[in-house]
Amino acid sequence: MEFHEIQNWLKEADPQRLERLWQEADATRRRHVGEDVHLRGLIEFSNHCARSCAYCGLRAENHQLERYRMTAGEILECAHQAVDFGYGTVVLQSGEDYGMDAGWMARVIARIKRETPLAVTLSLGERSEEELHMWRLAGADRYLLRFETSSQILFQQIHPPLSSDSPGRVELLRLLRDMGYETGSGVMVGIPGQTWNDLTHDLLLFRQLDLDMIGIGPFLPHPHTPLGARTVSLNNPERVPNSEETVLKAVALTRLLCPKTNIPATTALATVNRTKGRELALARGANIVMPNLTPLRYRLLYEIYPGKACIQETATECQKCLEARIRRIGRTIGIGRGDSPNLLERTVATGERP
């Protein structure tokens with residue numbers, strides 16, 4: 001698919017035509033990544049953040065938020081729980097926390113790799129090349145860094161840079177790939193000011209970057225942020241809505257554009273539709289779910305946006321619920337690391353170890 005065809009599908013409103021899109025995306029998912037839904041255990045270990053992003057509740061200027069950092073022992077306890085649940089991956093996520101020592105993080109990664117069979121995914125924001133290299137050597141397998149929008153003007157409006165010489169996120173994603181990380185990225189749908197052209201370029205950039213994982217969710221601003229406090233006009237036909245249907249169209253089109261990429265049914269989408277948001281995404285091309293392992297006393301404080309799905313469920317309750325929901329739609333629970341087929345292809349082509 002090329003630009004205008006993608007954009008036409010994003011704007012499509014005919015239910016019968018959309019049913020064709022859903023079926024083709026689901027068939028492409030089945031053909032390229034199979035029936036397995038892999039579970040990635042999420043550990044939100046710090047809500048400190050140096051950034052001033054205009055929509056995120058973790059932003060440095062949100063002085064109403066109680067801050068925390070989990071200890072290495074608490075993180076390891078969550079990782080061992082992931083093994084007990086049968087997960088193949090843990091995702092270590094935080095705000096852009098420069099109070100977190102990079103050497104400490106490397107030691108935590110090394111302990112997880114030494115004590116468990118888990119793949120380790122990091123989602124720690126924009127970090128230096130030295131830190132990224134250190135964590136890769138410690139055993140980190142994957143790195144998630146959303147570029148959020150391909151529009152540089154829009155990105156700068158919602159993500160004020162820390163310094164003028166910071167590399168862009170697309171450049172960092174290419175650097176991560178060169179270091180041997182399995183790379184993941186993603187975007188938000190419905191950012192104020194986002195146009196259909198912008199979102200179409202986002203999807204084409206996914207294909208260009210040859211990503212291993214792509215997350216797509218609705219724009220959900222926190223009320224204690226500039227964008228959360230702002231009223232946005234919905235009358236502009238060129239403004240992309242942050243609707244469930246638009247997100248699902250983006251997920252389905254991403255599956256068609258990037259058939260072998262791992263695509264999660266995001267928590268943000270489940271927040272918009274608690275009854276069947278994840279199930280709808282899984283039926284439209286997604287193949288990953290990320291249950292939360294963060295202890296409840298911390299999870300309530302990791303408030304990127306309000307009302308997050310599963311915010312008050314224990315890790316055990318979340319695991320049982322998600323596994324039951326996955327089985328009810330006829331899908332199977334994935335076993336093992338669930339590496340990206342893209343990574344496996346590159347491994348065969350280069351002879352390198354994943």
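The values are calculated or read from the model by the stated rules, or taken from the named source; none is laboratory data. Treat the numbers as computed from the prediction; the structure is a model and nothing was measured. Here the Cβ is made from the backbone with ideal geometry for all residues, glycine too, and neighbour counts use every protein chain on show. With ligands, DNA and RNA removed, areas are computed over all heavy atoms of the protein, side chains included. Shrake-Rupley method; radii C 1.70, N 1.55, O 1.52, S 1.80 Å.
Would you mind classifying the range 161-304 by shape? Square roots of the alpha carbon gyration tensor eigenvalues, ordered a ≥ b ≥ c; an a/c under 1.5 is rounded, otherwise it is prolate if a/b is larger than b/c and oblate if not. The shape class here is rounded. Comparing L132, Q16, V37 along the charge dipole axis of the range 1-151, the residue lying farthest to the positive side is L132, per the Cβ-charge model. Pick from T294, T316, T266 the residue whose mean-square fluctuation is largest in a GNM of the chain, springs joining Cα atoms under 10 Å. Maximum fluctuation in the GNM of the chain, among the listed residues, is at T316.
Beta bridges per DSSP, both residues in the chain: antiparallel share near 5 percent. Charge dipole (Cα centre; +1 on Lys/Arg Cβ, -1 on Asp/Glu Cβ; no other charges) of the chain amounts to roughly 720 debye.
GNM remark for the chain: springs join alpha carbons under 10 Å apart, and the peak mean-square fluctuation among S166, S46, S243 falls on S166. Absence of a disulfide-compatible partner, taken as no other cysteine beta carbon within less than 4.7 angstrom, is noted in the chain for C49, C78, C258, C310, C318, C321. Expressed as a whole percent, the accessible area of the range 146-216 that falls on carbon and sulfur atoms is 51 (1.4 Å probe).
On the beta carbon distance between M1 and D36, with R0 = 22 Å, the FRET formula returns roughly 0.25. Overall, the anisotropy analysis places the range 112-186 in the prolate class: the square-rooted eigenvalues a ≥ b ≥ c of its C-alpha gyration tensor yield a/c not less than 1.5, with a/b exceeding b/c. When +1 charges are put on Lys and Arg Cβ atoms and -1 charges on Asp and Glu Cβ atoms, the dipole computed for the range 52-190 relative to its Cα centre reaches about 220 debye. When the chain is treated as a GNM with alpha-carbon contacts under 10 Å, the residue of L145, L296, L211 showing the greatest mean-square fluctuation is L296.
In the chain, Cα pairs under 8 Å separated by at least six residues give a relative contact order of 24 percent. Gain on full extension, evaluated as 0.36 nm per residue between K320 and Y98 minus their Cα-Cα distance, stands at 76.4 nm. On the basis of the beta-carbon distance and an R0 of 25 Å, S163 and R67 show a calculated FRET efficiency of 0.65. Between Q23 and R274, with labels modelled 7 Å along Cα→Cβ, what's the label distance in nm to one decimal, could you check? So the two model labels end up 3.4 nm from each other. Give the shape of the chain as rounded, prolate or oblate, defined through the alpha-carbon gyration tensor: a ≥ b ≥ c are the square roots of its eigenvalues, a/c under 1.5 means rounded, and otherwise the shape is prolate if a/b is larger than b/c and oblate if not. Here the chain falls in the rounded category.
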